[in-house]
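Peer 1: First the structure, then my questions, so here it is.
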């Protein structure tokens, strides 16, 4: 668990590459707290805006611990972000037809 605490400290200090390496090493060497490790890998991917990978990591955490709120919250955050992005891209009141005059 000590190595995982060091990885979480690296994450909190925004040393994300280091945190990811430490967590990957922890997952290979330890058999405990894998739900926490995967959830933090999800947070790292979230910070990198790799939302699909982040959701995969959160889902791995939830496979181990279905009640893990940290992982559930991470998925909810990503769902909210992607919903906002979709609103910006797809709910535009203007279309090309209204902007470009008939030829």
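Please treat every number below as a calculation from the coordinates, not as lab data. On a predicted model such as this, the values are computed, not experimentally measured, just so you know.
Peer 1: Using the eigenvalues of the Cα gyration tensor, what equivalent ellipsoid semi-axes result for the stretch 2-92 when each is taken as the square root of five times the eigenvalue, whole Å, largest first?
Peer 2: 26, 15, 9
Peer 1: Between residue 29 and residue 63, what length in nm is gained on full extension when 0.36 nm per residue of separation is reduced by their alpha carbon distance?
Peer 2: 10.3 nm
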